[in-house]
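These notes are about the structure you will find just below.
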Amino acid sequence: MPKHLPTHLNPRSPLVLDTRELPRRPGVLRTVSRTVAAPADLGVELIGVPEGADLSLDLRLESVSEGVLVSGTVTGPIEGECGRCLRPITDSLTVTIQELYAYEHSTTDETTDEDEVGRLQGDLIDLEPALRDAVVLALPTNPVCREDCPGLCPECGVHWDELPAGHSHQQVDPRWAGLSQLTRQEE
Ligand SMILES: [Zn+2]
Ligand SMILES: [Zn+2]
């Protein structure tokens, strides 16, 4: 990967932050509050933010000596299915973002890798990678509809909640019952 990718960020893209209004003087602050449409595939296999759903960004952009510190929260709905019973899950998720983006050609830019510290591309910040990381970290890898979800009976696939107490498929088939008697006699 080349150290400096050509700037291809679209300033109008919802997850691109434009810092032109933020003077490059340490300590200067700007806040960004906006609602944007969630990008595709924001989540993990069983659960995530539906594409196009409203994501509320509530961020603080702060000039620091080497770049811009972005901190704040992003909130959105999540949808998925229970890993035990496959019932749909809907919830909401708030993730915290705290990420430094270094100015191009700053000392930080020259001395760190792009995967350690983010980069400004001109005046623009691509928030999407940090947002994806935060969302994936915050989501459960095994989502459940409720903590004590008992799941499905592996034999008939019916939810244990809907089955009578003592439900079982352990009745011995009469043909095998005869066979097991036979085995016992041989012993
Ligand atoms: Zn469940
Ligand atoms: Zn069953």
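The values are calculated or read from the model by the stated rules, or taken from the named source; none is laboratory data. The structure presented is a predicted model; accordingly, all values stated were derived computationally and were not measured. Counting neighbours? That spans all protein chains shown, and the Cβs are built from the backbone with ideal geometry, glycine included.
Say we look at the range 110-166 and pick out the residues that are in a helix (DSSP H, G or I) and β-branched (V, I, T); which of these is farthest from ligand 1 (Cβ to nearest atom)?
It comes out as T111.
So in the range 81-98, with the set limited to residues that are away from ligand 1 (no atom under 11 Å from the Cβ) and crowded, with 18+ Cβ neighbours inside 10 Å, which one is nearest to T141 (Cα to Cα)?
Here the residue is L93.
Cβ contacts < 9 Å: first residue farther than 19 Å from G83 by Cβ, restricted to the range 154-176; second residue among the polar types (S, T, N, Q) and modelled with pLDDT under 90, any location; separation 6+ or different chain. Result?
Pairs that qualify, where the first residue is farther than 19 Å from G83 by Cβ and the partner is among the polar types (S, T, N, Q) and modelled with pLDDT under 90, are V172/S180.
Hey, could you check the range 32-51 for residues that are over 20 Å from T73 (Cβ atoms) and surrounded by fewer than 15 Cβ atoms within 10 Å (Cβ to Cβ) and say which is modelled with the lowest pLDDT?
This residue is E45.
Looking at the range 23-71, which of its residues are in contact with a helix residue (DSSP H, G or I) (Cβ under 7 Å, 6 or more places away or on another chain) and under 30 Å from E81 (Cβ atoms)?
Listed by number, the residues that qualify are P39, L42, G43, V44, V49.
Criterion first (over 15 Å from the mean Cα position of the chain (by Cα), surrounded by 15 or more Cβ atoms within 10 Å (Cβ to Cβ), touching a residue at least 24 places away in the same chain (Cβ under 8 Å) and not in a loop (DSSP other than H, G, I, E, B)) does L59 satisfy it?
Yes.
Return yes or no: is G48 in a strand (DSSP E or B) and within 16 Å of ligand 1 (Cβ to nearest atom)?
no
So L29 clears everything in (1) surrounded by 12 or more Cβ atoms within 10 Å (Cβ to Cβ); (2) free of Cβ contacts under 8 Å to residues at least 40 places away in the same chain except one condition, right? Which one?
Failed condition: (1).
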